[in-house]
Amino acid sequence: MARLLFFAGSARKDSINKKLAKCAAELAREKGAEVTFIDLKDFDMPIYDGDLEDEKGLPENARRLKQLFIDHDGFFIASPEYNSSFSPLLKNSLDWISRVGDENEKPMMAYSGKVAALAATSPGGLGGLRGLVSLRMMLGNVGVTVIPKQAAIGSGFQAFNDDGGLVDEAQARMLESVIDALINATDRMSG
Ligand SMILES: Cc1cc2nc3c(=O)[nH]c(=O)nc-3n(C[C@H](O)[C@H](O)[C@H](O)COP(=O)(O)O)c2cc1C
């Protein structure tokens, strides 16, 4: 069964994207996937700086995060939209783990052969949809197969009930169809 990593591109304590990633993780668990949820707040890293990398190599948290990517077949990213793009936290984390950590390591170990599903939620009506365009492009360029289905949940501050589920049935069905597609694609890719 698919081993899937779930996280949000926000470190904020009350992040609605963390809620979305948790909700998606729960759905995938119910469907039998092996699920890991992580909070990027636990993987704090400096802004990428080539001089820092030359001096000290990859930060310990980048190594830990990269290993998690390597150990999973697919990812689900709930990505906040910042000015029509994705968050600097997410970009910085994805950049650090794209770097080769050890001499004999193959390039792009975190990404090649992996599958990803994208989702977003924001307080606005479009639900952060525009930010997924640049994230999809970036991940595709580093070798990730990003599945076509995605979910954007508008009015994000009202979207979740106290149990962490989506209030709106149509939105819940949309998220479920993304999870189904992620599990199917990951199972196909990892044989
Ligand atoms: C710098 C910045 C830019 C933002 N730009 C957008 C935007 O383009 N579209 C949008 O829907 N929301 C935008 N927002 C609002 C975020 O969607 C909102 O803060 C959301 O709660 C962030 O996600 P989180 O709760 O998971 O941290 C922006 C917020 C910040 C801080």
For G9, enumerate residues with amide H under 5 Å from its amide H, sequence gap 5+ or separate chain, H modeled in the peptide plane.
-> A78, S79
Hey, got the dipole for the stretch 1-159? About the Cα centre, +1 on K and R Cβ, -1 on D and E Cβ, debye to the nearest 20?
-> 780
Which ³J(HN,Hα) values, rounded to whole Hz and listed in residue order, are derived for the stretch 80-91 from phi using the Karplus coefficients 6.51, -1.76 and 1.60 in 6.51 cos²θ - 1.76 cosθ + 1.60 with θ = phi - 60°, glycine and proline given as x?
-> x, 9, 10, 6, 6, 9, 9, 6, x, 4, 5, 4
In whole Hz, what ³J(HN,Hα) sequence does the stretch 104-109 give by Karplus (6.51, -1.76, 1.60; θ = phi - 60°), x for Gly and Pro?
-> 8, 6, 6, x, 6, 4
Dipole magnitude of the stretch 75-135 about its Cα centre, charges +1 at Lys/Arg Cβ and -1 at Asp/Glu Cβ only, in debye to the nearest 20?
-> 200
Rounded if a/c under 1.5, otherwise prolate or oblate - the stretch 78-144, Cα gyration tensor axes | prolate
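Please work out the ratio of the alpha-carbon Rg of the stretch 1-67 to 2.2 N^0.38 Å and round it to two decimals. Display every interim value, and only then the final one.
Numbers: Rg = 14.7 Å, N = 67, 2.2 N^0.38 = 10.9 Å.
In units of the globular-protein estimate, the stretch 1-67 measures up at 1.35.
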Whole-Å distance, taken between Cα centres, linking the stretch 1-33 and the stretch 114-191 = 10
Set the Förster distance to 45 Å, then compute FRET efficiency between S177 and D44 from the Cβ-Cβ distance, nearest 0.05.
-> 0.85
Cα axis of helix 16-30 to longest principal axis of the chain: angle in degrees, 0 to 90, nearest 10?
-> 80
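Using a 1.4 Å probe over the heavy atoms of the protein chains, calculate the carbon and sulfur portion of the accessible area of the stretch 61-191 as a whole percent.
51
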Lys/Arg Cβ at +1, Asp/Glu Cβ at -1, dipole of the stretch 60-191 taken about the Cα centre: which of A119, G140, A152 is farthest positive-ward?
-> G140
Cα-Cα pairs in the chain separated by more than 22 Å, as a whole percent of all pairs, come to 43
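The values are calculated or read from the model by the stated rules, or taken from the named source; none is laboratory data. All values reported here derive from a predicted model rather than from experimental measurement. All Cβ positions, glycine included, derive from the backbone under ideal geometry; neighbour counts span all protein chains shown. We work out accessible area using only protein heavy atoms, side chains counted, and drop any ligands, DNA or RNA first. Shrake-Rupley method; radii C 1.70, N 1.55, O 1.52, S 1.80 Å.
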